[in-house]
Amino acid sequence: MSESWIQSSAKILDRMKELEGSKEMDRLDHVRFMCFMIGALHRSLLGWARWVNNPSVMARFSAEELEEMNRNLSKFTRSFIEYDLEVTHKGVEKEPKTEARAEGTLGEETAHLYI
């Protein structure tokens with residue numbers, strides 16, 4: 001599985017570079033590219049979850065390697081969530097006013113994080 005994973009990941013990166021180099025992208029092209037990137041992230045996160053939840057895989061890594069993974073994932077996750085908040089604030093500002101939003105209760109039902 002790992003060899004084919006590496007090959008398909010390299011193809012994804014090549015496609016991203018190709019799309020990043022596109023000169024003339026309209027709004028729909030940007031949305032399509034975002035969907036592609038989110039799909040790539042989703043695929044990668046599922047792979048990480050499989051590895052991290054498999055003790056026989058994680059036992060192959062040294063404490064230093066695991067520490068480096070934690071450091072990099074923490075930095076990436078923090079950056080992504082900070083950007084997510086920034087874009088979400090912009091999106092909320094663009095939403096039409098509703099009664100729930102005016103009362104400040106919009107989104108409360110999804111505010112839970114399960115660990």
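The values are calculated or read from the model by the stated rules, or taken from the named source; none is laboratory data. Computed from a prediction, not measured in an experiment: that's the story for all the values here. Note that each Cβ is placed from the backbone with ideal geometry, even for glycine, and that neighbours are counted across all protein chains shown.
Mind checking which residues of segment 20-48 are within 11 Å of the chain's Cα centre (by Cα) and among the polar types (S, T, N, Q)?
Passing the criteria: only SER44.
Among all residue pairs at least 6 apart or on different chains, which show Cβ distances below 9 Å where the first residue, located in segment 1-21, is outside the structural domain of ILE38 (by TED's automatic domain parsing) and the second is in a helix (DSSP H, G or I)?
No pair meets every condition.
Which condition does LEU73 not pass, out of (1) loosely packed, with under 11 Cβ neighbours inside 10 Å; (2) not assigned by TED's automatic domain parsing to the domain that holds ILE12, if it passes all the others?
Failing condition for LEU73: (1).
Across segment 28-42, what is the number of residues that are closer than 17 Å to VAL87 by Cβ and surrounded by fewer than 11 Cβ atoms within 10 Å (Cβ to Cβ)?
Adding up the residues that qualify gives 3.
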